[in-house]
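Remarks on the structure that follows.
The values are calculated or read from the model by the stated rules, or taken from the named source; none is laboratory data. None of these values were measured; they are calculated from a predicted model. Heads up, the Cβs are rebuilt from the backbone with ideal geometry, glycines too, and the neighbour counts pull from every protein chain shown.
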Amino acid sequence: MEILQRVPLSDKTTFQIGGEAEFFCEPSTINEVRYVLSLARQNTWRVIVLGGGSNILFADGLIQGLVISTRALSWLREEELLWVGAGMTMDHLTTWAIENGKSGLEWSGGLPGTVGGATYMNARAYQHEMSEVVEKVRVIDFSGKEFFLSHKEIQYSYKKSIFMEHEDWIILEVGLKLHDAPIDDVRTKTEACRRDREQKGQYAYPSAGCAFKNDYSHNLPAGKVIDEIGLKGFSIGGAKVYEKHANFIINTGSARADDVIRLLEEIERLVYEKTGVHLEREVRIIR
Ligand SMILES: Cc1cc2nc3c(=O)[nH]c(=O)nc-3n(C[C@H](O)[C@H](O)[C@H](O)COP(=O)(O)OP(=O)(O)OC[C@H]3O[C@@H](n4cnc5c(N)ncnc54)[C@H](O)[C@@H]3O)c2cc1C
């Protein structure tokens, strides 16, 4: 595994935006993760963990430190639980689940990103969420300490997990509990979700999906609030509020990260001014 320097990050995120990583690596084994973390400690590098990059916005310019991409941590092992490497894409996993008649992840058909990212974010769709299938997680912290967390210890709630409070943890692999089901049922449901996303135009432009969390306690979907104050189509530079879904900010082709950040701030300001609602960001900005 090489440690690369000045690696462009725009092709590592679904926004297709962002500057360069000062250092970048893609370990493919847990041993390699241990090694790069010790290297980062020796050199006092900041460490940034990158999964599929479908919920991250890297700022323009140089991102200092070492970006560790989990993408090559991609394996699958059937024991009492189904152990999946953090870097496996959800797409790969749902394809495996279809072929093997395993139910529990149909709702995630077409969800971009990795298993580690979905576990971290408690990704959700169609009234289901990742926490329903995550039983145990294997973690290493930046000091090199390794441990397991049980479902309860992850403290899942709406788009929240304990991982968000520990930016120095790397999810190495995730123990999932899926159950047997007829292959055709799993396929039909998974593909219906994927098709629905396609029909809603979710893949038509580079984006990071929903920019803001919904406020379910007040029954306030962020997209509805943004739409109601007339912001669909509102743009700054190459970043635009998607006409088909007001909670998506899209890169129309030439956006810089700074355009997206300014658009996010402007939406937050206008929504607060006009409705009194404080939007909470879902997309994670790394500078
Ligand atoms: C078109 C589109 C549609 C989307 N639809 C949905 C949706 O319906 N529901 C939904 O919830 N999300 C949705 N998203 C957002 C995104 O796909 C999810 O949040 C996804 O789970 C993020 O996974 P990732 O691997 O891309 O994570 P990344 O974007 O790479 O990272 C997200 C965060 O997780 C951390 N992280 C990632 N992997 C690890 C790891 N192994 N260990 C520790 N930390 C880690 C990163 O540091 C970062 O803070 C959508 C995005 C797009 C582009």
(message) For the stretch 207-230, which positions are more than 14 Å from the ligand (Cβ to nearest atom) and in a helix (DSSP H, G or I)?
(response) Ser217, His218, Lys224, Val225, Ile226, Asp227, Glu228
(request) Tell me, yes or no, whether the stretch 243-254 has at least one residue that is under 14 Å from Phe15 (Cα atoms), of a type in the set (Ser, Thr, Tyr), surrounded by 14 or more Cβ atoms within 10 Å (Cβ to Cβ) and without any contact (Cβ under 8 Å) to a residue 60 or more places away in the chain. (result) yes
(message) Which numbered condition in (1) in a helix (DSSP H, G or I); (2) farther than 30 Å from Ala192 by Cβ is the only one that Gly18 fails?
(response) (1)
(message) Testing Glu243 on (1) closer than 22 Å to Ile63 by Cα; (2) in a loop (DSSP other than H, G, I, E, B); (3) modelled with pLDDT of 95 or more, one condition comes back false. Which one is that?
(response) (1)
(message) When you check Ala125 against the structure, is it over 16 Å from Ile48 (Cβ atoms), aliphatic (A, V, I, L, M) and either more than 9 Å from the ligand (Cβ to nearest atom) or buried (at least 23 other Cβ atoms within 10 Å of the Cβ) (or both), yes or no?
(response) no
(request) Please verify whether the stretch 194-206 includes one or more residues that are in contact with a Leu (Cβ under 6 Å, 6 or more places away or on another chain) and within 16 Å of the ligand (Cβ to nearest atom). (result) no
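Conditions (1) aromatic (Phe, Trp, Tyr); (2) outside the structural domain of Val33 (by TED's automatic domain parsing); (3) out of contact with any strand residue (DSSP E or B) (no Cβ under 6 Å at 6 or more places or on another chain), marked per residue:
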{"site": "Ser108", "(1), (2), (3)": "no, yes, yes"}
{"site": "Ala118", "(1), (2), (3)": "no, yes, yes"}
{"site": "Asp141", "(1), (2), (3)": "no, yes, no"}
{"site": "Ser157", "(1), (2), (3)": "no, yes, yes"}
{"site": "Trp169", "(1), (2), (3)": "yes, yes, no"}
{"site": "Gly175", "(1), (2), (3)": "no, yes, no"}
{"site": "Pro182", "(1), (2), (3)": "no, yes, yes"}
{"site": "Asp185", "(1), (2), (3)": "no, yes, yes"}
{"site": "Glu191", "(1), (2), (3)": "no, yes, yes"}
(request) Answer yes or no as to whether Val49 is within 12 Å of the ligand (Cβ to nearest atom), within 20 Å of Arg284 (Cβ to Cβ), in a strand (DSSP E or B) and under 21 Å from the mean Cα position of the chain (by Cα). (result) yes
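Looking only at the stretch 71-91, decide whether some residue is more than 6 Å from the ligand (Cβ to nearest atom), under 30 Å from Arg256 (Cα atoms) and among the hydroxyl-bearing types (Ser, Thr, Tyr).
Yes - at least one qualifying residue is present in the stretch 71-91.
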(request) Starting from residues that are in contact with a helix residue (DSSP H, G or I) (Cβ under 7 Å, 6 or more places away or on another chain) and within 20 Å of Trp45 (Cα to Cα), keep the ones in the stretch 4-25 and report whichever is modelled with the lowest pLDDT. (result) Gly18
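Assess whether Trp96 counts as being within 21 Å of Val139 (Cβ to Cβ) and surrounded by fewer than 21 Cβ atoms within 10 Å (Cβ to Cβ).
Taking the combined requirement at face value, the residue does not satisfy it.
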(request) Being assigned to a strand (DSSP E or B), within 11 Å of the ligand (Cβ to nearest atom) and not hydrophobic (A, V, I, L, M, F, W, C) is the filter here, so list the residues in the stretch 60-70 that pass it. (result) Ser69
